[in-house]
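Notes follow the structure.
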Amino acid sequence: MGMRIGYGFDSHAFKAGVPLVIGGLAIEHPEGLAGHSDGDVLLHAITDALLGAVAAGDIGSYFPPTDKKWKGADSVIFLQEALRQVERAGFRVSNVDSTLILAEPKIGPHAKKLQSQVAKLLKIAVHAVGIKA
Ligand code: MG
């Protein structure tokens with residue numbers, strides 16, 4: 001079996017009064033990320049990277065933001081669908097790498113937890129997940 005590489009990107013504005021969820025984890029911060037779902041920018045980017053690697057469309061083709069069903073949705077659902085698509089295409093995830101670009105909050109103190117969480121969601125080893133900021 002060959003090897004595939006996928007690339008994902010996402011960008012969300014901050015919004016007051018909503019919880020900040022990154023990598024499936026709630027992070028203490030005065031503002032969260034605006035979005036139709038829970039705004040989990042990291043899981044959205046990884047979801048698109050997985051789908052892209054097997055040419056299975058993008059996050060919007062599975063979970064259109066116009067569908068009320070996905071209002072406030074837990075983005076773990078999106079990631080799990082992408083993982084299913086990867087497996088359906090006969091592949092498995094061997095590693096992911098990510099860079100979060102934001103001024104606040106500092107990601108460093110949360111990086112280890114994010115790494116473990118993403119590894120668990122993708123069913124891969126912790127050392128196969130790169131979290132940079
Ligand atoms: Mg998004």
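We did not get these values from a lab; they are worked out from the coordinates using the rules stated. Being a predicted model, the structure only gives us computed values, none of them experimental. Here the Cβ is made from the backbone with ideal geometry for all residues, glycine too, and neighbour counts use every protein chain on show.
Here are the numbers for the structure shown:
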quantity: Additional length obtainable on full extension of the chain from Leu102 to Arg4, 0.36 nm per residue less Cα span; calculated: 32.4 nm
quantity: Simple label model, 7 Å out from Cα along Cβ direction - His29 to Ala13, nm; calculated: 1.6 nm
quantity: Nearest-20 debye value, the chain charge dipole, Cβ charges on Lys, Arg, Asp, Glu; calculated: 360 debye
quantity: Rg in Å to one decimal, and Dmax rounded to a whole Å, for the chain via C-alpha atoms; calculated: 14.2, 47
quantity: Gyration tensor (Cα) of segment 59-133, equivalent ellipsoid semi-axes in angstrom; calculated: 23, 19, 10
quantity: Cβ-derived FRET efficiency at R0 30 Å, Lys112 paired with Lys68, nearest 0.05; calculated: 0.25
quantity: Measure of compaction for segment 4-71 (Cα Rg per 2.2 N^0.38 Å); calculated: 1.16
quantity: Radius 13 Å from Cβ of Asp48, net charge of other residues (Lys, Arg +1; Asp, Glu -1); calculated: -4
